[in-house]
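Beneath this line is the structure, given in structure tokens, with notes to follow.
The numbers here are math on the coordinates, done by the rules we state, and not lab data. Quantities reported herein were computed from a predicted structural model and do not represent experimental measurements. Ideal geometry is used to build each Cβ from the backbone, glycine not excepted, and the neighbour counts take in all protein chains shown.
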Amino acid sequence: MFVIELTYIKSISEVERYLPEHIAYLDKYYKSGRFIMSGRKNPRTGGIIVAKAESADELAQIYNTDPFFINNIAEFNVTSFTPSKWAEELNGRLS
């Protein structure tokens, strides 16, 4: 499992310009089963994506296609972790 933390490095107007493409990117990886959850930070300085991937290299191939990455809208920080406890309703959904 991975947490991808995005931190905007451009203005919110630039973020908004690429937001429809970013949402399409998110939808693609939700459909593939790679993304588990995502959302904006509060205050709105970036976002968080919780993702599944076989390796850091596979994850890099995924986030390198994010319009926010391609257009240098945000910096990306990735943290790998191994879940050891989770809410019962997530049973069977994390593997």
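Okay, here's what the table says:
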| read-out | value |
| --- | --- |
| Estimated [θ] at 222 nm from DSSP helical runs (n ≥ 4, -39500 (n - 2.57)) normalised by residues in the chain, nearest 500 | -10000 deg cm²/dmol |
| Mean-position separation - Cα centroids, the range 4-36 and the range 54-70, in angstrom | 12 |
| Candidates Ser11, Ser84, Ser38: whichever shows maximal mean-square fluctuation once the chain is modelled as a Gaussian network with Cα springs under 10 Å | Ser84 |
| Whole-number D in µm²/s for the range 17-95 (Stokes-Einstein; Kirkwood sum over Cα pairs; 37 °C, 0.692 mPa s) | 239 |
| Whichever lysines have a C-alpha closer than 25 Å to that of Lys85, once near sequence neighbours (fewer than 8 apart) are set aside | Lys31, Lys41, Lys52 |
| Mean Cα-pair separation over length for the chain, i.e. relative contact order, pairs under 8 Å, 6 or more apart, % | 44 |
| Exposed-loop-free span, longest in the chain, where chymotrypsin sites (Phe, Trp or Tyr not before Pro) count as exposed if DSSP calls them loop and at most 12 other C-beta atoms lie within 10 Å | 1-80 |
| Angle between the chain longest axis and helix 12-31 axis [Cα atoms, degrees, rounded to 10] | 30 |
